[in-house]
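K.L.:
First the structure, then my questions, so here it is.
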Amino acid sequence: MSRAAPLPWLKPGLFVGALAPLLVMVVEAVQGNLGANPIAEVENVLGLAALVLLMASLACTPARRLFGWTWPARIRRMLGLFAFFYASLHFLAYVLVDQSLDWGRIVDDIVKRPFITVGFAALVLLAPLALTSTTASIRWLGYRRWTLLHQLTYVAGVLAVIHFFWRVKIDVSQPLVYAGILTALLLVRAVFWLRRASV
């Protein structure tokens, strides 16, 4: 008999938890409780969910190295895919609802408004990472090249935090929290890389 995987509830629990912000937002929209600017609220909810899930995916490797936990590696892919899912919905809400498919205005925004430029760049970087998240992609690219490609997750994380920081014009306390989390994750990564390089 094959042994059951430890923590069998982990992936189903993550699936439900990751979809919770979207479900709550839909319920709030149906009830008309999205506030005076529902479009901005929808974009904010989707964008924040993408950022939280992206930070969680970036925390998986540091958690394993610092605490010896093995379970984060089992959900890292799901976290990254859900981050891309919410980032895509965030962008679609902007394109379809906010800008009504006015491509001239959209391109003008991407080019001329820095916070949209970096946010779009983060989404562009996440797209190939989502597309190559399968085991078959690792075999096709080779583990070394696949690993190098997926280091772009950190670049996407930096761009996403900058996007959030520039998007919030007054109270930047929440973006600063995510900037601090990302800085800590990058420092842990750098320390372990330097330690391995010195061996």
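K.L.:
Give me P(r) over the stretch 54-135, computed from all C-alpha to C-alpha distances, binned every 5 Å, as integer percentages.
P.N.:
3, 14, 19, 19, 15, 12, 8, 6, 3, 1, 0
K.L.:
So how far, in whole Å, is the C-alpha centre of the stretch 22-52 from the one of the stretch 88-163?
P.N.:
Taking the Cα centre of each part, the stretch 22-52 and the stretch 88-163 sit 21 Å apart.
K.L.:
What residues have an amide H closer than 5 Å to that of LEU34, excluding those fewer than 5 places away on the same chain, when H is modeled at 1.01 Å from N in the peptide plane?
P.N.:
The list, which skips near neighbours in sequence, is empty: none.
K.L.:
Just to be sure I understand, if you calculate Rg/Rh (Cα atoms, Kirkwood Rh) for this structure, which of (i) 0.94; (ii) 1.03; (iii) 1.00 do you get?
P.N.:
Label (iii) holds the value from this structure.
K.L.:
Could you give the DSSP H helices of the chain that reach 24 angstrom or more along their long axis (alpha carbon positions) and whose average Kyte-Doolittle hydropathy is no lower than 1.6?
P.N.:
Helices meeting the criterion: 10-30, 114-131.
K.L.:
Using the Cα centre of the chain as the reference point, and only Cβ charges (+1 on K/R, -1 on D/E), how large is the resulting charge dipole? Debye, rounded to the nearest 20.
P.N.:
Dipole size: approximately 1340 debye.
K.L.:
In addition: For LEU186 and ASP108, what does the FRET efficiency come to when R0 = 30 Å and r is the distance between their Cβ atoms, rounded to the nearest 0.05?
P.N.:
Computed FRET efficiency for LEU186 and ASP108: 0.35.
Rule-based calculations on the coordinates, nothing more; no lab input. As the structure is a computational prediction, the values presented were derived from the model and not from experiment. Please note: Cβ atoms are built from the backbone with ideal geometry, for glycine as well, and neighbour counts cover all protein chains shown.
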